[in-house]
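First comes the structure, then the notes that go with it.
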Amino acid sequence: MPSEWILRDVKPDYGLDKELTIVEGEDVTNKVVWLQLKATEKLTPNQKSISYDFETKHLKYWETCRLPVIILYWIKSSNEFYYLFAQRYIKKMLSPDKPEWRNQKTVSVAFPLESKLVDTGSLTAIATEGHFYMMQQQLTQKAGPAPYYWLDGIPKSDDRKLKEYTLKALKYASQENHPGAIEQLEKALKECTVGPTEKMSLLLNLGNAYYSLSRNEEALKNYQAMLELADSVPEKEALEGKANALAGIGLIYSHRGDLNQALKYHKDALKIHREMGYKQGEGSDLGNIGLIYRAKGDLDEALKYHQDALKIDRGIGYKGGEASDLGNIGLIYSSQGDLDQALRQFEKVLVMERELGRRWGEANALGNIGLIYSDKGDLGQALKYHEDSLKIKRQIGYKQGEANSLGNIGLVYRAKGDLDQALKYFQDALKTHRGIGHKQGEARGLGNIGNIYGQKGNLDEALKWHEDALRIDREIGYREGEASDLGNIGLIYRAKGDLHQALKYHEDSLKIKREIGYKQGEANSLGNIGLVYRAKGDLDQALRYLKDALKIDRQIGYKEGVANQLNNIGLIYEQKGDLAQALHYMKQAFKMFEQIGMPEQIRIVKRNIERVSQQIKQMKKK
């Protein structure tokens, strides 16, 4: 090895012998790899590959390492080295061919004869390849429901400039500098000679970067260009690329609110991955489909798909996928109002993410636990978890996650009634979203600030913020966000006493939610329309809308929504003078809130019940 390269012993030696840092000129690079060394006396004549039996515990350990692990096998008689990149071999070769390998004590691993290490230049290329792959895995895991990154074509290229551009792009993407990633990828396409396989890979990364910025038309253009190239590449690469493109297009349709089209594309991707026998891809597709059904309000169907994804990821030993699946299942239980079950799922995820060393995953799990404590009314615990989540996200430079945590902390302070502190956190979140060019997050931040001004009674200022949010969501085609903004504007007009305008905006919001199949949102809009009619004094019409909202919330199993509608219906009956019916609905609401465990709502409904009960007693006395 060149004398300037840095080679260190790994202590204690648990399946790893050396840590190697490659130095280029005077620059210490980020090409750091771990080495495991093995040896044999000589090869058998005409041997087509070299086998070695490894302890399974070491393979499991290498699978979860965050740096590339390169196994070097020395043939003493000929002084030759052969190599394997452990993490990719486990995923691409071992797991598909021997899915039961984790249950064995030892596993036979084959070194192909063409994997001979020729010189130090080869080792540099292997280190670069390893870093591409590990960056790919980190981005895949971080992306959650986003299409996983497919880069096998790039590291195999002999074009050094192509590798450098792509590596820079991946670094920028991991830092959420998506404009920087786009610039590097565009340079690669413009300046380098790339074959169709490499071009598909570049287009996928471009599509993902544009999608992350909510620039969906540009993302769609790149995914569609991938599909057009599919006939020009070998079958395996074509299928893998096509499946990724379909998944990406599915996400865009989901973002637009066209859930049926999104479902079609994700199911097409699932079909390809099943044909390929690529289990990890199948698990990812099942998870994406589950998210679509959740958005549609079909929580039972969503749960089924997430459980199927969990079964696959557990079967292949993909711990990262298993953690994501458990998190998605936790979100379903949360939507159903089963907060204790949701909390158990998120706590499992937290343990797994810590075992995997995935700090961003740990931070997200902490945030989800914080949200559950908020729903339970334990704002002190909620704040603690969100602050712990924020701390990790800042340590690892996870900017979008940082912005989300700032927003969540703002929501806790809002629930505490500390509107000035809430406003400060929402403003910090907005600044962070804008800093990384995350338009969807920017719109959400604007809406949160609008809600604070609304609570403060500054309705004109609130309206301005919500209208800015609406403009952005329409600009990026985020229809669920658009519907939410319209609903918020409707609430402002109701507070202003302009019931005609309030009704118009809530009806526009309802129309979009019905078009995109967002059932929980539909129920929310129906409830808001009912409250406008209540303010108008049209109690029969108000009752009709609230009961329609109640029916949907019961259908989708949204317990919090059911409880809120029951309480509001009780208030309508109280106004109508039907105190027995009012008490009946309020008691049902109280019981539901008790099941969910929401103390603040329990107190509110309890006061309502006491007031109505007192009225009934007074009437009986008369």
So residue 611 and residue 275, fully extended at 0.36 nm per residue minus their Cα-Cα distance, gain in nm 114.6 nm
Summing +1 per Lys or Arg and -1 per Asp or Glu among the other residues with Cβ less than 9 Å from residue 321's Cβ gives -1
Taking the dipole of the chain about the Cα centre (Lys, Arg +1; Asp, Glu -1; charges at Cβ), the one of 200, 315, 422 that reaches farthest to the positive side is 422
FRET efficiency (residue 500, residue 576; Cβ distance; R0 35 Å; to 0.05) is 0.90
If exposed means GluC sites (Glu not before Pro) lying in a DSSP loop and surrounded by at most 15 other beta carbons within 10 Å, then the longest stretch of the chain lacking such sites spans residues 101-622
Kirkwood-based Rg/Rh on the Cα set of the chain evaluates to 1.04
Computed curve, segment 258-331, Cα-only Debye sum without solvent term, log₁₀ I(q)/I(0) at 0.11, 0.15, 0.26 Å⁻¹, is -0.23, -0.43, -1.16
For the table 92/187; 456/559; 92/311; 536/617, the rows whose alpha-carbon distance is greater than 24 Å are 92/187; 456/559; 536/617
With only helices counted (DSSP H, runs n ≥ 4, each -39500 (n - 2.57)), the per-residue ellipticity at 222 nm for the chain, to the nearest 500, works out to -24000 deg cm²/dmol
Yeah, segment 6-117 with a ≥ b ≥ c from its alpha-carbon gyration tensor (a/c under 1.5 is rounded, else prolate when a/b outruns b/c, oblate otherwise) is oblate
With R₀ set to 60 angstrom, the calculated FRET efficiency between the beta-carbons of residue 415 and residue 60, to the nearest 0.05, is 0.90
With 0.36 nm assigned to each residue of separation and the Cα-Cα distance removed, residue 461 to residue 74 gains 132.1 nm
Between the alpha carbon centres of segment 335-366 and segment 165-238 the gap in Å comes to 32
Rounded to the nearest 5, the percent of DSSP beta bridges in the chain running antiparallel is 75
Once both label points are put 7 Å beyond Cα along the C-beta direction, the residue 424-residue 551 separation in nm becomes 4.8
Quick calc: nm separation of the 7 Å Cα→Cβ label points for residue 10 and residue 164 -> 3.0
Using alpha carbon centers only, segment 437-498 is separated from segment 1-27 by a whole-angstrom value of 54
Taking 0.36 nm per residue of separation between residue 594 and residue 40 and subtracting their Cα-Cα distance, the length gained on full extension comes to 192.7 nm
Here the tail fraction of P(r) beyond 13 Å, over all Cα-Cα pairs of segment 71-128, rounds in percent to 66
The FRET efficiency for residue 92 and residue 311, from their Cβ-Cβ distance with R0 = 22 Å and rounded to 0.05, is 0.50
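Values in this text are rule-based calculations from the coordinates and carry no lab data. Quantities reported herein were computed from a predicted structural model and do not represent experimental measurements. Quick reminder, even Gly has a Cβ in these numbers, built from the backbone with ideal geometry, and neighbours come from all protein chains shown.
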